[in-house]
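S.K.: Here it is: the structure, laid out below.
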Amino acid sequence: MSIVDNIKKIESEISGKGVTLIAVSKTKPIEMLMEAYNAGFKRFGENYVQELTEKQEKMPKDIEWHFIGHLQSNKVKYIAPFVSLIHSVDSFKLLQEINKQAAKNNRVIDCLLQIYIAEENTKSGMTEEECLEILQSETIKNLTNIRVIGLMSMSTFTDDEMQVRKEFRKLKTFHISLISQYPQLTTISMGMSGDYEIAIEEGSTMIRVGSKIFGNRVYTE
């Protein structure tokens, strides 16, 4: 199936479920993204700052760009002028830098706090305790150029569906414990090509799908 057909298939699966699809386009050439764009799809997720800024410069300006990879503080300034949502905020220091760079651009940048739920050391993120510290801190009230709108996580890379489900459920349970006090946390970004169906069943409101849309092959520009 074509890229457009793949997007339509996933969007039909999630229709009516309150779930937003982000097309993960890292390593994919602009031609492939434009195929989706020309069919009316405008939400793309990128993992690398340099690749994201290069694509943003060359592509239409009404695209909603999501940054989903590990973000270094010294790279925030490059994406602050245009990024729609940063999924992968894993420290208070990074949140402060995003606020600083957003202020320079007269913007308010939406952010998700990345929570560590996996049982493998390759995944990053903060603990539930660290997340609570950030939400409860007085300092965050002074960060008027960021808006924390939810949580994000990545499950363990495994074929064990029960383990993946358990990890997603852990994030949803944590989210439930926060929502009455922090009603602005409306977004739960969890689920990728291999596990988004499980993620949706466990409460995801945003899925990040790459290979199921663009295919597995890594393209070079």
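The numbers here are math on the coordinates, done by the rules we state, and not lab data. Model, not experiment: these values are computed from the prediction. Note: ideal-geometry Cβ built from the backbone for every residue, glycine included; neighbour counts use all protein chains shown.
S.K.: What does the C-alpha gyration tensor say about the overall shape of the range 131-221? Classify as rounded when a/c is under 1.5, otherwise prolate if a/b is larger than b/c, or oblate.
M.R.: oblate
S.K.: Also, quick follow-up: Grab the Cα-Cα distance for His70 and Glu201, subtract it from 0.36 nm times how many residues apart they are, and report the gain in nm with one decimal.
M.R.: Roughly 44.5 nm would be gained on extension.
S.K.: Listing Glu129, Glu54, Glu46, Glu97 from the residue with the fewest other Cβ atoms within 10 Å to the one with the most, what is the order?
M.R.: So the residues, fewest neighbours to most, are Glu129, Glu54, Glu97, Glu46.
S.K.: Apply the a/c threshold of 1.5 to the C-alpha gyration tensor of the chain and tell me whether it is rounded, prolate or oblate.
M.R.: The shape class here is oblate.
S.K.: Something else: Might you report the magnitude of the Cβ-based charge dipole of the chain about its Cα centre, with Lys and Arg at +1 and Asp and Glu at -1, to the nearest 20 debye?
M.R.: It comes to approximately 680 debye.
S.K.: Here's a follow-up. Report, ordered by chain and residue number, the lysines lying within cross-link reach of Lys55, taken as a straight Cα distance under 30 Å and ignoring same-chain residues fewer than 8 apart.
M.R.: Lys8, Lys9, Lys26, Lys28, Lys42, Lys75, Lys77, Lys93, Lys100, Lys104, Lys123, Lys212
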